[in-house]
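Read through the structure below, which is laid out as structure tokens, and then see the notes.
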Ligand code: MN
């Protein structure tokens with residue numbers, strides 16, 4: 001049995017590695033439950049094709065907030081594919097200095113995504129929220145009624161009170177090594193209830209040692225969560241797996 005079998009990487013850009021098909025095969029061979037997020041709906045068909053015959057890899061339909069300035073019109077394509085998937089992302093808001101000027105367009109797109117997901121029901125949505133936790137939660141509260149879909153906040157860096165509000169709204173959090181290695185964010189992670197936690201790499205945008213992270217590297221996140229919560233690594237891994245099961249229910 002593989003040591004990484006049964007771990008969870010709930011946010012990874014498998015299509016941005018040099019060999020997309022090999023990245024899917026590696027995640028599958030390692031037995032790591034991997035959510036392959038996309039940044040544009042144009043990438044959806046190929047991601048879906050590669051994931052659909054795997055046991056451990058699922059593809060998500062996204063329109064990344066950092067691309068909305070140039071690609072807002074792709075929301076139509078996103079919408080056309082929505083019925084083909086349970087998983088949505090990467091979507092959300094980015095109010096960092098580089099993307100601030102498209103924030104109005106980003107809001108239009110994210111609101112539309114939430115409304116369509118609420119209408120369809122049963123979607124699981126992985127959300128980017130850089131410098132925009134409050135706006136994200138306001139939009140989720142307004143446009144995704146309880147029971148109409150589930151939010152997973154990816155690389156969440158809001159405040160403790162925003163994290164509490166997110167928990168009250170039913171959100172999950174996918175935690176990565178970068179959050180745990182950060183003095184300001186690690187204490188935040190400590191406040192997130194264990195039953196709302198998933199793990200992620202956000203590869204290939206994060207690094208493990210001197211190379212881009214890959215799904216098996218979530219092992220180090222599980223280990224760090226074990227230290228943070230004073231729990232054996234195997235217990236953390238099994239909590240995360242239970243959380244994934246609770247989140248996705250029956251497929
Ligand atoms: Mn990402």
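The values are calculated or read from the model by the stated rules, or taken from the named source; none is laboratory data. Source: prediction; values computed, not measured. Cβ sites come from the backbone with ideal geometry, for glycine too, and all protein chains shown count toward neighbours.
Structural remarks
- Taken over segment 8-24, residues that are crowded, with 18+ Cβ neighbours inside 10 Å and within 13 Å of the ligand (Cβ to nearest atom) amount to 7.
- Scanning segment 146-162 turns up no residue that is farther than 19 Å from residue 64 by Cβ, touching a helix residue (DSSP H, G or I) at 6+ places or on another chain (Cβ under 9 Å) and within 16 Å of the ligand (Cβ to nearest atom).
- If you check 67, 93 for being at pLDDT 95 or above, within 29 Å of residue 8 (Cα to Cα) and in contact with a helix residue (DSSP H, G or I) (Cβ under 6 Å, 6 or more places away or on another chain), only one passes: 93.
- From the list 181, 209, 249, the lone residue that is under 16 Å from residue 152 (Cβ atoms), modelled with pLDDT under 95 and surrounded by fewer than 15 Cβ atoms within 10 Å (Cβ to Cβ) is 249.
- Those residues of segment 216-229 which are over 14 Å from residue 200 (Cα atoms) and modelled with pLDDT of 95 or more, in sequence order: 226
Listed here are the residues, each with its yes/no results for (1) more than 15 Å from the ligand (Cβ to nearest atom); (2) under 17 Å from the mean Cα position of the chain (by Cα).
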site	(1), (2)
6	yes, no
26	yes, no
31	yes, no
40	no, yes
45	yes, no
52	yes, no
56	yes, yes
61	no, yes
